[in-house]
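What follows is a short report on a single structure.
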Amino acid sequence: MTTYIIRRLLLVPVILFGVTILIFGMLQFLDPVERVSMYIRDTPKSDAQIEALITKYGLDKPIYVQYWKWLVGDVDPITNVRSGGILFGDFGYSRTNSQPVADLIKNRFPNTLDLTLWAIGPVIFVGIWLGIQAAVRHNKPFDQMARIFSIIGTSLPTFVFGLLVLMLFYANLGWFPPGRVSDEFSKIISSAEFTNYTKLLSIDSLLNGRFDIFLDVMKHMVLPILTLSYISWATFLRVTRSSMLETLRMEYVTTARAKGLSERDVIHKHARPNAMLPVTTLAGFSIVGLLGGVVITETVFNYPGIGATAARSAAQLDVITVLGFTLFTGLILVVSNVIVDVLYAFIDPRVRLS
Amino acid sequence: MTSNNDTLLKVDDLTMHFPIYRGVFQRQVGAVRAVDGVSFEVKRGETLGLVGESGCGKSTTGRTILQLYKPTAGSVTFDGQDLVKMKGEELRIMRRKMQMIFQDPYASLNPRMTVEELVGEPLIVHNVVPPKEVSEHVKHLLETVNLNPAFASRYPHEFSGGQRQRIGIARALALQPSFIVCDEPISALDVSIQAQVVNLLEELQDQFNLTYLFIAHDLSMVRHISDRVAVMYLGVIVELTGRDELYNKPLHPYTQALLSAVPIPDPVADAQRQRTILEGDVPSPANPPSGCRFRTRCPIAEARCAEARPEFREVEPGHFVACFFAERFLK
Amino acid sequence: MAENQKPTGDNKLLSDTISVREITRLERWLGPDNYRVVMGLFKTPASVIGLSLLSFFILIAIFAPVIVPVPEKGDPYKIPRDGFKADPQPPMTPWKKNAPELPFWWKPIMKTDQWVHIFGTAQGQYDIFYALVWGTRTAFRTGLIVTIATFLIGITIGGISAYYGGMVDNIIMRIVDVFLTLPFTLAALIMAAILTPVIGKSLVPVMIALVVFGWMGYARIIRGDILSIKERDFVLAAKVVGVKDSRILFRHIIPNAIFPTLVLASLAIGDVTLSFAALSFLGVGVEIGYADWGQVLSFARNWITSLNTYWYLITFPGVTIVLFVLGWNLIGDALRDVLDPRMRGKS
Amino acid sequence: MSNYLLDVQGLETTFKTPDGVLHAVNGVSFGLKEGETLGVVGESGCGKSVTMLSVLGLIPSPPGEIKAGKAMFFGHDLVKMTNAEIRQVRGAQIGMVFQDPMTSLNPVLTIGRQLEEPLMLHVGMNKKQASERAAELLEMVGIPNAKDRLSDYPHQFSGGMRQRVMIAMALSCSPQLLIADEPTTALDVTIQAQIMDLVKRLRNELGMAIIWISHDLGVVAGLAQRVIVMYGGLIIEEASVNDLYANPTHPYTIGLLGSLPRVDAKERTKLYSIEGSPPVLYNKPTACPFAPRCKWAMERCWKENPALETVSPEHRVACWVDTKTGRAR
């Protein structure tokens, strides 16, 4: 298995290299003036300044020079200050948000993380539970209901669902407002008396002993979490159900029954561990799904995470900002995929012991 | 082994190793020695049975002879020409003379082609009959294998296993080959169907003067159909001789054990015979034992068996054995 | 065995007269697997509902000019506006200005020639009904073009990967990994944002973005199918018979490999339409006022605090999109059961 | 009251399939004495496996359904038992071994855990006792280093070894009956000989009754005391093993034996071949299911289904024709 994990890890730099090439390739569609903002920390003031920057970062040089400068940036020989260089975490300057993209990520990503962390648990466990129940009750009413739920779930686009729940639970009932936190609390949060331990508001509010803030934060997050989760529920349900149905037809399940085990033990001790193997892989993909899903969900709910920011920047054709975000999430995904693959190797003895 | 005009096929030291790649950089760390130095010849008009357990390399031997795999070493002389040296078009044209019948009648027929297209394809790709006459030819071929020619426009899935195998046989016959490799042609069929196909193969052999290499794991069926039989174990032939000679006077301990393991559909005879039960499993062909391949399971193995590989030698006229102690069983 | 009953083996019953199954011409033409897939469509109630929903939308797309005629000399995909007032108008508000031609069916049914905003108007007085009817055409058009393009690119790349194997295969599959690493929505957003200044505001940038980040699935599936079919006995059998490599590829491998991918592609039209609407909802791509479902829905974003009043901003477009995608998914779900090899062969 | 250990009467089982209702078993009756070995022979689809799975209540339902019949085991009808009741029988009093050792063991659980399960469940052992007993069982079926191998997973065993594990598992609670469903079909002939040798030894040591299902008349000949031949979901012949092979009476049995070449044959003769293919039963057979392939078939064979009749002591046949004379019986 060690070779398997090493091979998997060696793939990471390869994929990351590919991702940078792909994004750099897309950048080539922009004219140099636009690309200049990759390397600077504030808005350029004059044409001459832009010209100087183009020369400085080799944007008139051959493409491999450009790529290299894009990766490592440029060190000023006099001040010894590095500017640009995505490898050093400098993703350029966001024109529409008037701040460096890296800072933007630092500010917005905790909000997105807060949201996805709350969503991911329910997504995985509820989906798997539903799928197993549906498979065990194959073709019975529960199974039919689960199937209908799953089809409707996958047919309700996030932006429609989000707007519908917003109409119902906010506009009509007034229960769950959009946004991040109520105005009365946002001042407290930015003040000195509120310590940011994790930057995840839901946790920090508890750590500061402000249960009222926690409640308010959760009130704002209920609808986004629900919106983010339900499509994944449907997917998990479907994959778990079909994997479980397949497993239940295996001969070793008949063996288990022939041993006189109760149906409960047959399902939970013999069938489920096998049925979970393909679901593990799905868990990796669902992280991709969630991070993609935040773009629309956050936009619908005016939730200040990286998704909503990316969408707003894209609508204003601020490519650099979206690029930074994409590179960043791409990195997260590469890492989480590796984790899932290694996890899979541990769960399946056939892989673990080879 | 000397060959003369009677010899249609001569296989000399045929070797087929499939590389194994392992490790972080997928370097070749070894090879599955599926076929490891196999020599035999097949005379015109005879049936040579090739028998052995699963994984012994018998199917690979058949496929390598037909150059479906490029052999690692060795030569295959067919009708005086070395097939291993042939390439591309030359080999393609040569295929007219040698055909194959497959084990699985469900997998070996393209599901998207009709019986007529399947059986007619060899005629078309080799341009042996004018396109207009293909259909007529196919009908004739179907009759030859006892299939109703009215079904020529149907698809394989409309037929039962035995009927599909007949379609496969008709396709193999289309180019009027002189040599057919039968790769376990009956082992996927129901018991009551097996005899139908075997009888048909025998009839066709008489009718068209065919030469068969009949590959099987079923010793009783091989005995029934073959003139001579070769026994394979772990990539090598351990014994080769005439069918009666082999079954009456097996000289290799593996052949003896194999024969005694075959169930006989007769409780009285079954109770009377002597059994040799082999211990353990067949070793992996990726890591075969040193010296004699069979020594790990052999009841009479001695120290020298681990040191050198016993030569495949002619103990009696026409009786080849690869065992140091073959003479012990010569009564 | 007693002598008198020793069988002779010469009782020739024509074996093939017995168990040849009678089958229909359609089954013969499609082949067994494909036939089951197609028949599965008409057997399950879910997919019948799906098919009806789709037919409904196809009819709307075809008869769009009859259902709501285009204003004179106008671009049909430009939603007509009843003035420029910001606040949306509720359903059945009469047209005041710039009303398009009255459709022929209105008068006989409603007994009046007062043409109204059937579903109300969005902000800026865009007529929602018109947008939804003509948006159906946009949906099919983008769905079809993008799907066909992704399918062709996907099977070409996947085919090359499977055919050459080795290093080529390895490199192509890593490229596929790279494309799959980026979250789809974000990647499509950039692509569209980059292309919009180059091409201009239209359907094209978003469609290209969807194609660039949409082909990987097909490449993977067709590659897997070709690789598995390459190993099947019937390919070997063709080789034994002396069939040339090119004929083996086109006559034996591709016809057997392409069907599952083709089915997936035809089902993906729903998903593609949805992605298009999503990007349009986020504000990239088409110019404001273009007859496109996502665009109409995005108008609702500015009114989320008063959606209780302006419910029609999301209800009508929302229901339209959901029904459309539901139609495809119902068919897809039925097909998945028939296609999934793991679900097969229980008898 | 019969003196049988297992007494099956009039068993009928059907399956719902997309193409129609498959009549897999159509009224099967047989008895099995304590300690007896019964061979059940037939081609694929003849209903031999389904019969035994029905007896143990292991038919997936739906699509399977037991339409009629009973299976008396120690005075209780297995068919009528509740799930909880039959679970006490399965694994404890009746052990079962399946055809494919590669798929019949759970790939993600250790061999030890799978062996211990029935012991803890039926015998009431604790984990430690069960683990010790499991090692003994592995030793009993001839697996070397039994103790160490308990923590191994199935994929670390060869096919023959896995089948030994299956046998150990089936016999772990000392059942009165072992049902073996083609346990050697997937194995090589030398491994098959090992397994049959093992089963014969265990039969002598433990004295359980055995039902051995096989499509191979040869395998059954060396093992069974009595043999049942099945065709089209029906028993068509039943006799003691010596009688059946010496005096096969049903045309199908005659044909089957005639179509088998023998490794000990004295001369080379043309094989007898039964034309046509086995039936697929979408209708319950109302006539003799073998009639279309039978060279003795008479008018009556196409109209009525013959019942099993005793032709000589311990020998029963379902055929309208006396194959010795070629005339109606």
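The values are calculated or read from the model by the stated rules, or taken from the named source; none is laboratory data. Everything numeric here is computed off the predicted structure, so don't read it as measured data. Here the Cβ positions follow ideal geometry from the backbone for every residue, glycine too, while neighbour counts run over all protein chains shown. Ligands, DNA and RNA are excluded from the accessible area calculation, which covers all protein heavy atoms including side chains. Shrake-Rupley method; radii C 1.70, N 1.55, O 1.52, S 1.80 Å.
Computed values, structure above
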read-out	value
Accessible area (Å², 1.4 Å probe, nearest 10) - D:ASP19	120 Å²
Partner aspartates and glutamates for B:LYS87 [C-alpha distance under 16 Å; skip if fewer than 8 residues away on the same chain]	C:ASP245
21 Å Cα-Cα threshold exceeded, pairs from C:LYS43/D:LYS16; B:LYS139/C:LYS244; B:LYS70/C:LYS239; B:LYS132/C:LYS239	B:LYS139/C:LYS244; B:LYS132/C:LYS239
Cα centroid separation - region D:99-131 against region B:249-323, whole Å	35 Å
15 Å Cα-Cα reach of D:LYS128 towards aspartates and glutamates, excluding residues that sit fewer than 8 places from it in its own chain	D:GLU116, D:GLU117, D:GLU136, D:ASP148
Ranked by how many other beta carbons lie within 10 Å on average, peptides D:288-297, C:263-272, C:64-73 from highest	D:288-297, C:263-272, C:64-73
Selection from A:THR3, A:GLY89, A:GLN49, by position along the positive dipole direction of region A:2-94 (Cβ)	A:THR3
Where Rh is the Kirkwood radius over Cα pairs, Rg/Rh for region A:2-94	1.08
Rounded if a/c under 1.5, otherwise prolate or oblate - region D:186-274, Cα gyration tensor axes	oblate
Under the Karplus curve 6.51 cos²θ - 1.76 cosθ + 1.60, θ = phi - 60°, whole-Hz ³J(HN,Hα) for region D:273-290, x wherever Gly or Pro sits	10, 7, 6, x, 10, x, x, 9, 8, 8, 10, 5, x, 9, 10, 5, x, 8
Long-range amide H partners of A:GLN99 with built H, under 5 Å	A:SER94
Cut-off under 5 Å, modelled amide H: who pairs with C:GLY285 long-range	none
Dimensionless Rg over Rh [chain D; C-alpha; Kirkwood]	0.99
Solvent exposure ordering (accessible area, 1.4 Å, most first) of C:MET92, A:MET218, B:MET100	C:MET92, A:MET218, B:MET100
Net charge dipole size for region A:2-94 [Lys, Arg +1 and Asp, Glu -1 on Cβ; Debye, nearest 20]	480 debye
Of A:LEU22, A:LEU200, D:CYS319, farthest towards positive along the dipole that unit charges on Lys, Arg, Asp, Glu beta carbons give the protein assembly as shown	A:LEU200
GNM flexibility winner over chain B from B:GLY52, B:GLY30, B:GLY161 (Cα, springs under 10 Å)	B:GLY30
Carbon plus sulfur fraction of accessible area for the protein assembly as shown, probe 1.4 Å, in percent	57 percent
Sequence of C:MET191, A:MET1 when ordered by accessible area, the most exposed leading, probe 1.4 angstrom	A:MET1, C:MET191
Convex hull of Cα atoms in region A:213-292, direction-averaged projection (nm²)	7.0 nm²
Accessible area buried between chains B and D, both sides summed, probe 1.4 Å, in Å² to nearest 100	3600 Å²
For region A:99-353: rounded, prolate or oblate by the Cα gyration tensor [a/c cutoff 1.5]	prolate
Furthest towards positive pole of dipole, A:GLY179, D:HIS155, A:ASN107, structure part the protein assembly as shown, Cβ charges	A:GLY179
Accessible surface of C:GLU231 - all protein chains present, 1.4 Å probe, nearest 10 Å²	140 Å²
Prolate/oblate/rounded call for region C:32-189, Cα gyration tensor, a/c under 1.5 rounded	prolate
Nonlocal amide H pairs with D:VAL311, under 5 Å, H built at 1.01 Å	D:ARG316, D:VAL317
Centroid-to-centroid separation of region D:13-63 and region C:147-208 [C-alpha atoms, Å]	54 Å
DSSP H segments from chain C that extend 15 Å or more along their own axis, Cα-based, with Kyte-Doolittle mean of 1.0 or above	C:45-62, C:128-164, C:166-181, C:184-199, C:254-282, C:312-339
Solvent-accessible area per residue, Å², over region A:2-94 with all protein chains present [probe radius 1.4 Å]	55 Å²
For chain C, built as a Gaussian network whose Cα springs stay under 10 Å, the top-fluctuating residue of C:LEU54, C:LEU132, C:LEU249	C:LEU249
Cross-link pairs D:LYS70/D:LYS295; A:LYS269/D:LYS48; D:LYS200/D:LYS295 - those with Cα-Cα distance over 32 Å	D:LYS70/D:LYS295; D:LYS200/D:LYS295
Those residues of region A:234-249 for which accessible area with every protein chain present is at least 40 Å² below the isolated value (1.4 Å probe)	A:ARG238, A:SER242, A:GLU246, A:ARG249
At least 30 Å² of accessible area lost relative to the chain alone, listed for region C:293-333 with a 1.4 Å probe	C:LEU297, C:ARG301, C:ILE304, C:THR305, C:LEU307, C:ASN308, C:ILE314, C:VAL322, C:LEU326, C:ASN329, C:ASP333
Cα extents of the protein assembly as shown along the three principal axes, largest first (Å)	107, 75, 73
Dipole moment magnitude, nearest 20 debye, chain D about Cα centre, only Lys, Arg, Asp, Glu C-beta charged	260 debye
Spatial separation of Cα centroids for region D:268-316 and region A:233-283, in angstrom	42 Å
In Hz, Karplus ³J(HN,Hα) per residue of region C:104-110 (6.51, -1.76, 1.60; θ = phi - 60°; x = Gly, Pro)	5, 7, 5, 5, x, 7, 8
Gaussian network model of chain B, Cα within-10 Å springs - most flexible of B:THR15, B:THR296, B:THR255	B:THR296
Unit charges on C-beta of K, R, D, E only; dipole of chain B, Debye	840 debye
Candidate residues A:LEU168, C:LEU182: accessible-area rank, largest first, probe 1.4 Å	A:LEU168, C:LEU182
28 Å Cα-Cα reach of A:LYS219 towards lysines, excluding residues that sit fewer than 8 places from it in its own chain	A:LYS106, A:LYS187, A:LYS199
Cα-based helix-to-principal-axis angle, B:161-173 vs chain B, degrees rounded to 10	80 degrees
Residue-level accessible surface for B:CYS56, protein heavy atoms, 1.4 Å, Å²	10 Å²
